[in-house]
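J.: Take this structure, written in structure tokens, and hold onto it; I'll ask about it next.
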Amino acid sequence: MAISSYTVALVVLLFDLSYFGKAANNEGLGASFIFGDSLVDAGNNNYLPTLSKANISPNGIDFKASGGTPTGRYTNGRTIGDIVGEELGAPNYAVPFLAPNASGKAILYGVNYASGGGGIMNATGRIFVNRLGLDIQIDYFNITRKQFDQLLGPSKARDYMMKRSFFSITIGANDFLNNYLLPVLSIGARISESPSAFVDDMISHFRNQLTRLYQLDARKFIIGNVGPIGCIPYQKTINQLSEDECVDLPNKLALQYNARLKDLLTELNENLPGATFVLANVYDLVLELITNYKQHGFTTASKACCGNGGQFAGIIPCGPTSTMCADRSTHVFWDPYHPSEAANLIIAKQLLDGSTKYISPMNLRQLRDH
């Protein structure tokens, strides 16, 4: 008995050592650190007292890892972050920072800090009561960063961060949808601040946030710009548009921000030695998908698969009482705000292997090996 338990202990120890060795020395992707909003939240909001939650059916109905039970992902299956990590060889999905199991070896392959309702600006998403803005997400990464020093030792941890890890940030849409464009909360801001002044504020905050991640040894960055938020089912429904129309103002604001973001990333690529900032052109990618949805095998790019209210089921978020479409793979949008897994797969494929039209200066497979 003593021998067998000794043997078991030895096997466990060897497994642990090989696990650490693999995580620290393998080629390919080390850890995937995901920051952002509900487009990439993998369940952080489950642990917050918030009005923005996706841990209710039928969200996650096609998420194989959970057997179709909701995980807090705001889609029917995998997020873009899940798909990209999988394709680049990460053995597990990045664990939500607030989840009880986000400690020890579980964090070696990545941590997800994203939060539904979160934005670049701290006031963004106040309507939801609680959410993690990007400043708080980076505070949380700082905690993870120290844990890596303890797990791998400071020198190996630094190397692992700089050479082997990805930092993807999908944020900005809520700064418009749930801040600047929200009449209840922001009427003051909109009277006192022009769109270009608000965008200036966002860029200035984002510059500081990205620089802070760089100071914590982040080197490989993927930054998504803001998509065509005037084309989501919610906006089309409340503005009573026809199938092929989008709301002008939100899209104009997104384009204004995106132009400034592009300049910011050029500036950071020049000024932060050793860093690579890759711009994911989500706006053009999603707009192309919406415009040419039939060529991609979809039957609609304006109606939410899961939702209620108005012509495009775009007013009430997806939940147990929502109507749900028969075939999720034929809808670009899962709910009034978020793409379906079928759309996420097409977007992720372009980010992984696409040309500089959608991802520049290199795609994500090239960035992994860079």
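Rule-based calculations on the coordinates, nothing more; no lab input. Here the structure is a predicted model, which means the values were calculated and not measured. With ideal geometry, Cβ positions are generated from the backbone for all residues, glycine too; neighbour counts draw on all protein chains shown.
J.: Between exposed GluC sites (Glu not before Pro) in the chain, where DSSP calls loop and at most 15 other Cβ atoms lie within 10 Å, what's the longest gap?
T.: Values: sites that count: E27, E193, E243, E245.
Longest stretch, sites excluded: 28-192.
J.: Sticking with this one: Kindly identify segment 29-282 as rounded, prolate or oblate by the Cα gyration tensor criterion: order the square roots of the eigenvalues as a ≥ b ≥ c, call it rounded if a/c is under 1.5, otherwise compare a/b with b/c, prolate if a/b is larger, else oblate. Could the numbers behind the result be given before it?
T.: Details: a/c = 1.82, a/b = 1.28, b/c = 1.42.
Taking the square roots of the gyration eigenvalues as a ≥ b ≥ c, segment 29-282 is oblate.
J.: Next question. Under a 10 Å cutoff between Cα atoms, tell me which one of P70, P317, P100 has the largest fluctuation in the Gaussian network model of the chain.
T.: P100
J.: Below 14 angstrom from the Cβ of Q150, what's the summed charge of the other residues (Lys, Arg +1; Asp, Glu -1)?
T.: Working: positive: K105, R145, K146, K156, R158; negative: D149.
Taking every Cβ under 14 Å from that of Q150, the sum is +4.
J.: Determine the sum of side-chain charges near P233: Lys and Arg each +1, Asp and Glu each -1, restricted to other residues whose C-beta is under 15 angstrom from that of P233.
T.: On the way: positive: K236, K303, R328; negative: E243, D244, E245, D335.
Overall, the nearby charge balance is -1.
J.: What is the sum of charges, Lys and Arg at +1 and Asp and Glu at -1, for the other residues whose Cβ falls under 15 Å from the Cβ of I316? Please report the intermediate quantities before stating the final value.
T.: On the way: positive: K53, K236, K303; negative: D335.
With Lys, Arg at +1 and Asp, Glu at -1, the neighbours total +2.
J.: Between segment 29-83 and segment 261-324, what's the alpha-carbon centroid distance in Å?
T.: 16
J.: Next question, about the same structure. Roughly what % of DSSP beta bridges within the chain run antiparallel, to the nearest 5? Walk me through the numbers before you get to the answer.
T.: On the way: 6 of 27 bridges.
Counting only bridges with both partners in the chain, antiparallel ones make up about 20 percent.
J.: Compute a Gaussian network model of the chain, connecting alpha carbons closer than 10 Å, and tell me which residue from T321, T300, T276 fluctuates the most.
T.: For the chain, modelled as a Gaussian network with Cα springs under 10 Å, the answer is T321.
J.: With 22 Å as the limit, write out which pairs from K236/K357; K64/K303; K252/K349; K220/K357 have Cα-Cα distances beyond it, or answer none.
T.: Working: K236/K357 27 Å; K64/K303 24 Å; K252/K349 26 Å; K220/K357 19 Å.
Violating the 22 Å Cα-Cα cut-off are K236/K357; K64/K303; K252/K349.
J.: Another question, if that's okay. Please arrange I120, I171, I238, I107 by how many other C-beta atoms lie within 10 Å of their C-beta, fewest to most. Don't skip to the answer; put the middle values down first.
T.: Numbers: I120 24, I171 27, I238 15, I107 20.
Ordered by Cβ neighbours within 10 Å, fewest first: I238, I107, I120, I171.
J.: Given a 10 angstrom Cα cut-off, can you work out which residue in Q350, Q295, Q150 is the most mobile in a GNM of the chain?
T.: Q295
J.: With a 10 Å Cβ neighbour count serving as the proxy for reagent exposure, in which order, fewest first, do F97, F148, F333 appear?
T.: Least to most surrounded, the residues fall as F148, F97, F333.
J.: If I require 20 Å or longer along the helix axis, counting alpha carbons, and a Kyte-Doolittle average no lower than -1.0, what helices from the chain are left? Use full DSSP H segments. Write down the numbers at each step before the final one.
T.: Working: long enough: 2-25 (34 Å, 1.17); 134-152 (26 Å, -0.23); 195-215 (30 Å, -0.44); 248-271 (35 Å, -0.72).
Helices meeting the criterion: 2-25, 134-152, 195-215, 248-271.
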